[in-house]
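Down below is the structure, laid out as C-alpha cells.
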Amino acid sequence: MTPSCPPSTAEAGWLRRRGGEIALWLAVPLAVALFLPEYYLLATHVAALGLFALSLDLLVGYAGLLSLGHAMFFGIGAYTAGLLAVHGWGEPISGLLIAALVAGLLGLITSFAVLRVQHLAQLMVTLGFGLLVFEAANRARWLTGGDDGLQGMVVSPVLGMFEFDLFGQTAFFYTFVVLALCFIVATRIIDSPFGLTLEGLRENPKRMAAIGTPTAARLRQAYVFAAIFAGIAGALMAQTSQFVALETLSFGLSAEVLIMLLLGGAGHRYGGLVGAAVFVIARDLLSDLNPQYWQFGVGGVMVLVVLFAPGGVLGILRSLRQRLMPVARTSTTKAVPATPATKGGTA
Amino acid sequence: MLAILLTVLFDGLAYGMLLFLISIGLSVTMGMMGFVNLAHGAFAMFGGYVATTLMQRAGVPFLVTLPVAFAVVALASIVVERLLYQRLYRRGPLDQVLFTVGLTFMSVAGITWFYGPSQQPVVLPAFLQGQVNLLGLEVGIFRLFLVAVGLLVAAAVVLGVERTRFGAKIRAAVDNPVMATGLGINVGGVFALTFAIGSGLAGLGGALGIQILGLTPAFPLKYLVLFLIVVSVGGLGSVGGALLAACVVGVIDMMTKYFLPEIGSFIIYAVMVALLMWRPHGLLGKKS
Amino acid sequence: MSTAVSAAPAASATGDTPLLRLEGVSAGYDRAIILEDINLTLAEGETLALLGRNGVGKSTLIATLMGATVLRGGRMQWRGGDLVAVPAHRRSAAGLGWVPQERWIFPSLTVRENLAVTARPGKWTLEKVYDLFPRLQEREDNMGTQLSGGEQQMLAIARALLLNPRLLLLDEPLEGLAPVVVEELVRAIGQMTLDRDLSFILVEQHARQALELTSKAVVMDRGRIIYDGASDTLLHNPDHLNQLMGFA
Amino acid sequence: MMKKAGLLAALALAGASLANVAVAADDPLRIGVIATFSGPYADYGRQFDAGIQLYLKEHDGKIAGKKVEIVKKDTAGPGPDAAKRFAQELIVRDKVNFITGLDFSPNAYAIAPIVTQAKIPTVVMNASSSAITTSSPYIARVSFTVQQDSAPMAQWMLKNGIKETYVVVADYASGTDAHNAFEKAFAAGGGKVVGSVRTPMNNPDFSAYVQRIKDEKPQSVFFFFPSGVMPPAFLKAWKERGLDEAGIKLFATGEATDDSYLQATGDVALGLITSHHYSYAHPSELNKKFVKNFYAAFGKEMRPSYFAVSAYDGMAAIAGALEKTKGDISGDKVMEALKGLKLESPRGPIEIDAATRDIVQTVYIRKVEKVDGELVNVEFDKFERVKDPAKEAQ
Amino acid sequence: MSIALTTTGLSKNYGALQVTRAVNFSLPMGARHALIGPNGAGKTTFINLLTGTVPATSGSITLLGEDITGQRPDQRVKRGLARTFQVTSLFPELTPMQSVTLAVCERLGLTARWYKRTGEHRAALDEAAEILAQLRLGHVGHLLTRTLPYGQQRIVEVAVALALRPRVLLLDEPAAGIPSGESAELFEVIAELPEDISLLFIEHDMHLVSRFASRVTVLVAGGILAEGTPAEIMANPEVRTVYLGNSEGHA
C-alpha cells in the first residue's frame, strides 16, 4: 500500500519537508533585524496584514466562501485590544487572546446569516455586516473615539520584559512571533482532516453532502477560525501602533485584504503573506516615488498579475511547478487519447 | 405632513433613477455574461468627465453632452471589452475582481492626472434649475428631469429587450447560449453590444449625476457599494429588479436622512441584509 | 474570416461532392470523450437514420456538427469545405438546422419570437411553417415554456426550418410525445423527404419508425459506428437490428 | 556598503535614543510632510506642497542656511494608523528634523505620542481640532482651530440682529467642535439654536436635509462642512429648494467657500457670509505678492487656499524658530523658539501663543462676490487677535 | 432482515409535472439490481429521491428497516447509503488519495478535527490507500483528479463512495462518457465489489446489464413499467416497444 501514499503523509522526513520553511521563518526576521532595521515598521505592518490575509484565505481560498466584510473581525479585534489597553488592561498577550475570543464570537453569530446565502448575496451580506459594524463604531464615539480613532492605549511590555519602542523593534518581533505561531496553527488546520474537508467543500459542496458531511457546520467552523485569526491580526495592529483607527473596520480594508490575498494567490498557505508583502511594499515604494499617482502603479500591478500570473504570484509558481513535474505530465498526455483511426470502421 | 412625505418620496425616486441608470449595465454584465465588472463605476465617471469637458472647454450645451457621454463611453467600453475583458470570461470571479479593481485604481489615478483631484463644476441650464409646482408639490425641475429620463431609459431598455429583434437575441443568448449559437446568433457579439449599451447608460448616468452625486476621481470607488446593493437587491440581470431596487434604495436613503438623520446609513445596510436573507437572488432575480 | 463554406453551392459542387463527410472524428465534453473515430458520408438530398441505445453518442455527434462539443481529432467537411473552421454561430448560415433532443425552446421568448429571432430568408417562411404546424399559429403569443411537449417539439422543428437549412438535424423529435402528435410529426417529416433540397439526419431510439422515413442508416454503440448501410436492409432484418441495438 | 550601513544601524538601535542626533552644518534640513496627496482630498496635499515649494523658492531652497529636503508621505485621506506609521518611518528611516503637513485632525492626534517620544518639532499646517496642541509639547499650530473660526461667526450674527439659527454640521469630530463652539458663543450672546442636524460624511445629496430646514423655517442657518465636495452640494440643494426666496439667511465658516473650490462651486455661493482667517483676495501688499508669486510658480489653474498659506507660514515659522536657535534643531530648543513667535503672514499678523503653542490671528467676516468675473471672498469685517476659544475657556 | 432498501408510493412532483409516480421498489440484501429506462424516464430523479438530494412529494423510503424519508442526505449516508453521479462529481483540485481519505475521515467522524494532521490518522490513510489499490488507482493516487483520464475519474467516483463502507450503493451510469478503451477497468472494479453491498445501478447497455445484474427494473415516465431478470426484460414486448419502437403504439 505504502507506495501509493503521497509522500506528504509519511511521518518521517518531517524536517526535510518543513526544514526549508523553518529556515525561511528564521531567516526573514534576522535579515530584517540585521539589514533593514529602519524597515521594522513596514515589516510589522506586512506581518499583521499578512496574518489578516491568511485568515481570509481560510474562507476564500480553502472553504470557497466569499467575503467583503472581513475587516469587521480585524477591527473588532483591534478595538477589543485597544479598549482593554485604554482601560488599564495593558498586558498584550492576554489582550490578544481576549480579542481573538471576541472576534470568534462575532464570527459565530454572523456565520448563521452569512452561510444561508451564496455567491453575490454572500458577498453583499458580509459587506452589509461590515458596514453596520463600522457605522456602529462610528456612532459609539464615547467608546471608540469615532473617526478620531481610539487614543490613549497603554500597552505593557511583552512578557513584562520588552517595552514597545519607537523603532518598532519589539513590535516587529512580537508581531512576527505571533504570526509564526498562528501560521503553525493555520498549517495544522489546513493539513488536518478538517482542512481537507474545507477544500472538498470548495471543490464540490454537492459531493461533500453526498459523502455525509454536515456542510453548514464545517463552514461555520471555518468562519469562526477565520474570524479568530483576523481578530488576532487586528489586535496585533492595535497593540503595536498603540492606536485604533476607525479605518480598521472599513469596507476599504476588507477590499484591500481581498486584493492582497488574490495578488499572492488564494488557496495557498503563503498566498496571504506574499500578497500582503507585495501589496504593502509596492504601495510604499510607489507612493514614495509619487505620492499623487501611486494608485496607478498599484492598479497596474493588479492588472498585470491577472493577465500574466493567473491565480496570483504563488498560483503561477504552482502551475509552473506542476508543468515541470514529469509524473503529472505523462499522465496528462495520456488523458487525451487520440485513439488510432485504424481501430474504427463501419459495419 | 403628507406633502413633506411626497416631496421626500419624489426626491428619493429621482436619486433612485440615477442609481438605476448607472447600475443597470452592471446588473446586465454580471447577470447575463457572468462577468464581475467592478470597474463599472469608472465608466460612469468617464461619462461625467466627458460631459464636463464638453461643457467647460467646448461650451457644448448640457443636454447635448448627455447623448455624447453615452456614445463615447459605449464605444470606449467596446474597446475595453474586446481588448481586455474578453480574455477573462473564462477565469474565475476572483480574477475578474482583482483585474477590474486594478483597472479602477488606474482610472482613478489617470483622471486625477488629467483633471486634478477636485470636484468638477457643473452649471445646469437655467430651465433645469429651480422648482416647479407639480400638483401642489414643490419639486426640483432637475429632479423632475431625472425622473423623466430615468423612466424613459427604463422604458426604452424594457421595450428594447422585450420588443426588438436584438432584444430577443439577448434573451435567447442568455436563455441558452449553446442553442442560440447553433441557430446563428453570435453570442459573443450580442454580449459585447449589450455590454456597450450598459456601459453607455452608466456614462449617461455619470453625466446626469454630476449635479447630485458630484464628480471627482474618487467616484468609482465611492459609489461602488451603492451600485452593488442595487444590483444584488434587484436581482442579477433583471431590468425591472434594478429599477425597483434603485428606487427602494433612493427612497430609503432620502427618508432616513429626512426623518432619522441620526441613524445615518444604518437602515440602508440593514435593509439590504434583510432583503438578501429573504430573497438571496434579489427581489426580481431568477434562481440560477 | 474563412473557408469556402457558404449557403450557395460551390460551382464545382456536382454530384460527387458529398453534402457532409466526417473522417476519424472524436469529440466529447470537457474531459469526457464520447465519440471515437466517426466516419460518415451523406450525399445531397440523402436522409439518414442515426440509431443506437441511450448514451451511445448520437446527440454528441449532432452537437459536434454544430460545434457545441470539444473536437479532439478528425476532419469534418461540409459541401467540400472545412466545417471545423466555421465558427459555431455561422454553421446555421452555412446550412445546418439543429433540432436538439432537449428542444431548447427559449423560455423568455414568445412562440413567434422563437421562430423569428433567427429566421433566414428562403422558401420556408412563417406562413409555411404555420401551415405545417397550425398549432403554433394558435399559440404564437405564448411564451416558449407555456407549450406542451409536442408543441415545443413542433416549435423546435419549425424554428430550424425557418433557417432554411440544407441539412436538418432532428435529435429524437418523437421522444415522449402523444401518439397523435407523433403521427402529425411523422407526416411532416415524410413531407420534407419529398423535398430533394433538404437532407436530414434523424436520431431515434424508435428504430423502425426512423428506418421507414430514411434512405440510409447508421447504428452507434459506445461512441462508435457499428453499422452503416441502407435503411431498408435493416428494416427487413429485425434480428440484426435487435442485435445492433443490444437486445439480443 | 549596504551591509555595513545596516550593521551600524543595528548597533545604533542597541543603545541610542533618537533625539538630538547631532547634525553637521552641511547636512540638509529634512522635513517630513504627512498629508493627503491622493484620493478625494488630494487637493489638500497639493496646496500644502505648493505653499511649501513657494516659500522655498523665495528663499533659494534654504532655511537657516541649510538646504531643505522634503519627504512626502501620503495618507490618502483621514488615516490615523497610516499617519502614525509614517511619522515613525519619517523619524526612524528618513531621519527628518521636522514633521509638518497634517491636514486631518485624527492624523495629527495619532502622531502626537510619536513626536513626543522622539522629540521632533511638529508644525500643524491644517488639522484644526482644538486639543491637538495639548496632545504633545512638540506640536505647534500655524493654521487655525475650528472653534476659532466658528465662534466669531456667532458673535457677528448676534451683532447683526440674528437671534435664532439652525445648525448643520458634518458628522465627524470637527463638525461636533464647530457645533459646540458656535452654539456656546451664540447662546452666550443671547441667541438660540432652534434645531440642528449632523449629516454623514460621504453624503452626496443634501436635498432631504435642506427640505427639512425649509419645512422648519428658521430665521437663519449656520453650517460647517470640511472644504471640498460637501459645501457645493449643500449650496446647490439650498438654491434648488429656493431657501433664499423663503427668506432664510445662510452663514458658514470659510471652509464652505474655500478658495480652491469656490470657482467650481459656482454662483450658488454668491452672497454667502462666512468667517475665516484667510481669503486669497485679502487686500494686503504681502498677500498680493504671495498670490502673484503663487500664480507665477504654479499657473492660474489653482488658487492659493488657506492650506497653501498655512504651509507657507509653517515654513516661515520653522525658519523663524531656527533663526532664534541659531540653527540648533534639537526639539526642545526649537519648541521654545516657536513659542511667542510673531510673523507677518499673507493673511495678516499671526502669532504662536507662548502658552498653548496655538495660533493667534485675525478672523475676517467675508461675503462671496463676483469681482472681475471671479467668485471671491470679500472681507468686510474682522475680529482681531482671536485665540482658540476652547483653550481660553479652560 | 433481507431487504436493504424499500420505497413505498414514492412520488415527486414539480408543480403539475409528475416526474416520479408512486414507485414501489425494493432492493434485497446483496442485490445486483439494474435500473433502465429511456431518457427522461426519471432514473436520476429516483436516485436523488433515495439519497435525499431531492425531497419526496409523498411516499416513504426505508433503509435497512429504518424510515429515512425525512432525513438529510448526510444523515442517510451515515446510515449506509452511498452514491456516485452520472456526470462526474469529484474534487478536481484534490488527488484521488485526498478525495478517498476525505470520505474515510467523514465516515470515521474526523472531519471536524483540526488539531491533528491528516497524516497522523494512520488508519484512515491506510484504508484510503487500500481502497485505491483495490480499484487499481494506487499509481495515480497522488495526481490531481482533474489531470486523470476520464475513465479513471469514473473509478474515483466509485472509490469515494466505497470509502463510506455503504450497505447500499447507488451507481448512476457508472460508465457514462468513458471511451470504450478505458471502460474495462471500471467493469472489473464493479464486478469485484464486496458481496455484502447491495447495488442499484443505472445502465443503458443491455450487455452490461445482463452481465452484472440479477434483476432489472424498467422505469418509464416516472413509473415502473416492468421488473424481472435481464432475460425476461429483454423478451418483454412492452420494453422492446419503448426501446425500439417495434410495435405500432407508442409509450
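One residue is enough: does region B:88-111 have a residue meeting the conditions within 30 Å of D:Ala256 (Cβ to Cβ), away from chain A (no Cβ under 14 Å) and among the hydrophobic types (A, V, I, L, M, F, W, C)?
No, because not a single residue in region B:88-111 is within 30 Å of D:Ala256 (Cβ to Cβ), away from chain A (no Cβ under 14 Å) and among the hydrophobic types (A, V, I, L, M, F, W, C).
Is at least one residue of region E:171-192 out of contact with any Cys (no Cβ under 8 Å at 6 or more places or on another chain) and part of a strand (DSSP E or B)?
yes
When both residues are 6+ apart or on different chains and their Cβ atoms are under 6 Å apart, which pairs have a first residue that lies in region E:34-60 and is away from chain C (no Cβ under 14 Å), and a second that is open to solvent by 30 Å² or more (accessible area, probe 1.4 Å) and of a type in the set (Ser, Thr, Tyr)?
From residues that are away from chain C (no Cβ under 14 Å), the pairs are E:Gly59/E:Thr8; E:Ser60/E:Thr8; E:Ser60/E:Thr69.
Checking B:Tyr115 against (1) open to solvent by 50 Å² or more (accessible area, probe 1.4 Å); (2) without any contact (Cβ under 8 Å) to a residue 60 or more places away in the chain; (3) not small (Gly, Ala, Ser), which single condition isn't satisfied?
(2)
Please note which helices (runs of 4 or more DSSP H) are completely contained in region A:237-326 and include at least 3 residues that are open to solvent by 30 Å² or more (accessible area, probe 1.4 Å), more than 9 Å from every other protein chain (Cβ to nearest Cβ) and without any contact (Cβ under 8 Å) to a residue 60 or more places away in the chain.
Counting at least 3 such residues, we get A:271-289, A:312-324.
Looking at E:Ala82, E:Ala129, E:Ala34 in this structure, which one is out of contact with any Asp or Glu (no Cβ under 6 Å at 6 or more places or on another chain), within 24 Å of E:Ser2 (Cβ to Cβ) and of a type outside the set (Lys, Arg)? Lay out the reasoning, then the answer.
Details: E:Ala129 fails: within 24 Å of E:Ser2 (Cβ to Cβ); E:Ala34 fails: out of contact with any Asp or Glu (no Cβ under 6 Å at 6 or more places or on another chain).
Testing whether each residue is out of contact with any Asp or Glu (no Cβ under 6 Å at 6 or more places or on another chain), within 24 Å of E:Ser2 (Cβ to Cβ) and of a type outside the set (Lys, Arg) leaves just E:Ala82.
Taking region A:171-210, which residues are free of Cβ contacts under 8 Å to residues at least 60 places away in the same chain and more than 10 Å from chain E (Cβ to nearest Cβ)?
A:Val177, A:Leu181, A:Ile184
Which of (1) buried (at least 21 other Cβ atoms within 10 Å of the Cβ); (2) under 23 Å from A:Gly212 (Cα atoms); (3) in contact (Cβ under 8 Å) with a residue 40 or more places away in the chain; (4) more than 13 Å from chain C (Cβ to nearest Cβ) is the odd one out, the single condition E:Val140 does not satisfy?
Failing condition for E:Val140: (2).
If a residue has to be outside any strand (DSSP E or B) and either over 15 Å from C:Val203 (Cα atoms) or away from chain E (no Cβ under 14 Å) (or both) to count, how many in region C:38-54 make the cut?
Of the residues in region C:38-54, 4 are outside any strand (DSSP E or B) and either over 15 Å from C:Val203 (Cα atoms) or away from chain E (no Cβ under 14 Å) (or both).
Strands (runs of 3 or more DSSP E) wholly in region D:278-394 with at least 1 residues that are over 26 Å from D:Gly228 (Cα atoms) - which ones? Outline the logic, then answer.
Values: elements: D:342-345, D:348-352, D:359-371, D:374-386.
Strands (runs of 3 or more DSSP E) meeting the threshold: D:342-345, D:348-352, D:374-386.
With (1) over 20 Å from A:Leu201 (Cα atoms); (2) in contact with a Cys (Cβ under 8 Å, 6 or more places away or on another chain); (3) more than 7 Å from chain A (Cβ to nearest Cβ) as the list, and E:Ala124 as the residue in question, which single condition is left unmet?
Going through (1) over 20 Å from A:Leu201 (Cα atoms); (2) in contact with a Cys (Cβ under 8 Å, 6 or more places away or on another chain); (3) more than 7 Å from chain A (Cβ to nearest Cβ) one by one, E:Ala124 breaks only (1).
Conditions: (1) closer than 19 Å to A:Gly69 by Cβ; (2) assigned to a loop (DSSP other than H, G, I, E, B). B:Val231 meets all but one. Number of the miss?
The single condition B:Val231 does not satisfy is (2).
Mind listing whichever residues of region A:14-48 are open to solvent by less than 60 Å² (accessible area, probe 1.4 Å) and more than 11 Å from chain D (Cβ to nearest Cβ)?
Just the residues of region A:14-48 that are open to solvent by less than 60 Å² (accessible area, probe 1.4 Å), to begin with: A:18-21, A:23, A:25, A:27, A:29, A:31-33, A:37-38, A:40-48.
Of everything in region A:14-48, those that are open to solvent by less than 60 Å² (accessible area, probe 1.4 Å) and more than 11 Å from chain D (Cβ to nearest Cβ) turn out to be A:Arg18, A:Gly19, A:Gly20, A:Glu21, A:Ala23, A:Trp25, A:Ala27, A:Pro29, A:Ala43, A:Val46, A:Ala47.
Which of the residues that make up region E:127-136 are facing another protein chain (nearest Cβ under 8 Å) and crowded, with 20+ Cβ neighbours inside 10 Å?
Residues of region E:127-136 facing another protein chain (nearest Cβ under 8 Å): E:129-130, E:132-133.
Within region E:127-136, E:Ala129, E:Leu132 meet the criteria.
A:Ser254 - would you say it is within 26 Å of A:Ile76 (Cβ to Cβ) and among the polar types (S, T, N, Q)?
Here the answer is yes, as A:Ser254 does meet what is asked.
Within region C:69-119, can you find the residues that are under 30 Å from C:Arg139 (Cα atoms), assigned to a loop (DSSP other than H, G, I, E, B), aliphatic (A, V, I, L, M) and open to solvent by 10 Å² or more (accessible area, probe 1.4 Å)?
Of everything in region C:69-119, those that are under 30 Å from C:Arg139 (Cα atoms), assigned to a loop (DSSP other than H, G, I, E, B), aliphatic (A, V, I, L, M) and open to solvent by 10 Å² or more (accessible area, probe 1.4 Å) turn out to be C:Ile105, C:Ala119.
Let me confirm something: among E:Ile3, E:Ile68, E:Ile47, which residue is assigned by TED's automatic domain parsing to the domain that holds E:Glu192, in contact with a helix residue (DSSP H, G or I) (Cβ under 6 Å, 6 or more places away or on another chain) and among the hydrophobic types (A, V, I, L, M, F, W, C)?
Within the list E:Ile3, E:Ile68, E:Ile47, the selection yields E:Ile68.
Which residue pairs have Cβ atoms closer than 7 Å, lie 6 or more positions apart in sequence or on different chains, and pair a first residue in region D:186-200 that is closer than 11 Å to D:Asp171 by Cα with a second residue that is of a type in the set (Asp, Glu)?
D:Arg198/D:Asp171; D:Thr199/D:Asp171; D:Pro200/D:Asp171
Could you list, in sequence order, all residues of region C:139-172 that are within 14 Å of chain E (Cβ to nearest Cβ), surrounded by fewer than 24 Cβ atoms within 10 Å (Cβ to Cβ) and within 21 Å of C:Leu198 (Cα to Cα)? It would help to see each step written out before you state the result.
Step one: of region C:139-172, the residues within 14 Å of chain E (Cβ to nearest Cβ) are C:145-150, C:152-153, C:171-172.
Filter once more, so that each one left must be surrounded by fewer than 24 Cβ atoms within 10 Å (Cβ to Cβ): C:145-150, C:152, C:171.
Selection gives C:Asp171 alone.
Within region B:69-89, how many residues turn out to be in a helix (DSSP H, G or I) and either of a type in the set (Phe, Trp, Tyr) or open to solvent by less than 50 Å² (accessible area, probe 1.4 Å) (or both)? Working first, answer last.
Of region B:69-89, the ones in a helix (DSSP H, G or I) are B:69-83, B:85-88.
Narrowing further to those that are either of a type in the set (Phe, Trp, Tyr) or open to solvent by less than 50 Å² (accessible area, probe 1.4 Å) (or both): B:69-71, B:73-74, B:76-77, B:80-81, B:85, B:88.
Total meeting the criteria: 11.
Looking for whichever is more than 9 Å from chain A (Cβ to nearest Cβ), at negative phi, of a type outside the set (A, V, I, L, M, F, W, C) and in contact (Cβ under 8 Å) with a residue 12 or more places away in the chain here; the options are E:Thr118, E:Thr101, E:Thr69, E:Thr95. Which one fits?
Just one listed residue meets the conditions, E:Thr69.
Condition check ((1) among the charged types (D, E, K, R); (2) away from chain D (no Cβ under 12 Å); (3) crowded, with 22+ Cβ neighbours inside 10 Å) across all residues:
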{"site": "B:Val248", "(1), (2), (3)": "no, yes, yes"}
{"site": "B:Ile252", "(1), (2), (3)": "no, no, no"}
{"site": "B:Phe266", "(1), (2), (3)": "no, no, no"}
{"site": "B:Met272", "(1), (2), (3)": "no, yes, yes"}
{"site": "B:Trp278", "(1), (2), (3)": "no, yes, no"}
{"site": "B:Leu283", "(1), (2), (3)": "no, yes, no"}
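Counting only residues that are at the interface with another protein chain (Cβ under 8 Å from one of its Cβ atoms) and touching a helix residue (DSSP H, G or I) at 6+ places or on another chain (Cβ under 6 Å), which one in region D:216-245 is most open to solvent (accessible area, probe 1.4 Å)? Give the steps one after another, and end with the answer.
Start the filter on region D:216-245 by keeping residues that are at the interface with another protein chain (Cβ under 8 Å from one of its Cβ atoms), which leaves D:228-229, D:232-233, D:236, D:239-242.
If we keep only those that are touching a helix residue (DSSP H, G or I) at 6+ places or on another chain (Cβ under 6 Å) too, we end up with D:232, D:236, D:239, D:241.
Numbers: D:Pro232: 9, D:Lys236: 27, D:Lys239: 100, D:Arg241: 0 Å².
Selected residue: D:Lys239.
Kindly evaluate D:Gly320 against the criterion of being free of Cβ contacts under 8 Å to residues at least 60 places away in the same chain, at positive phi and not polar (S, T, N, Q).
no
Enumerate the pairs (first residue in region D:97-116 and over 23 Å from D:Tyr306 (Cβ atoms); second residue anywhere and open to solvent by 10 Å² or more (accessible area, probe 1.4 Å) and among the β-branched types (Val, Ile, Thr)) with beta-carbon separation below 6 Å, excluding pairs fewer than 6 apart on the same chain, so at least 6 apart or on different chains.
That search, which allows pairs on different chains as well, returns D:Asn97/D:Ile329.
What's the number of the only condition in (1) touching a residue at least 12 places away in the same chain (Cβ under 8 Å); (2) open to solvent by 40 Å² or more (accessible area, probe 1.4 Å); (3) more than 11 Å from chain E (Cβ to nearest Cβ) that C:Arg222 fails to meet?
(3)
The values are calculated or read from the model by the stated rules, or taken from the named source; none is laboratory data. Predicted model, so just to flag it, every value in this text is computed and none were measured. Note that we place each Cβ from the backbone using ideal geometry, even for glycine, and neighbour counts take in every protein chain shown. Note: areas computed on protein heavy atoms with side chains; ligands, DNA, RNA excluded. Shrake-Rupley method; radii C 1.70, N 1.55, O 1.52, S 1.80 Å.
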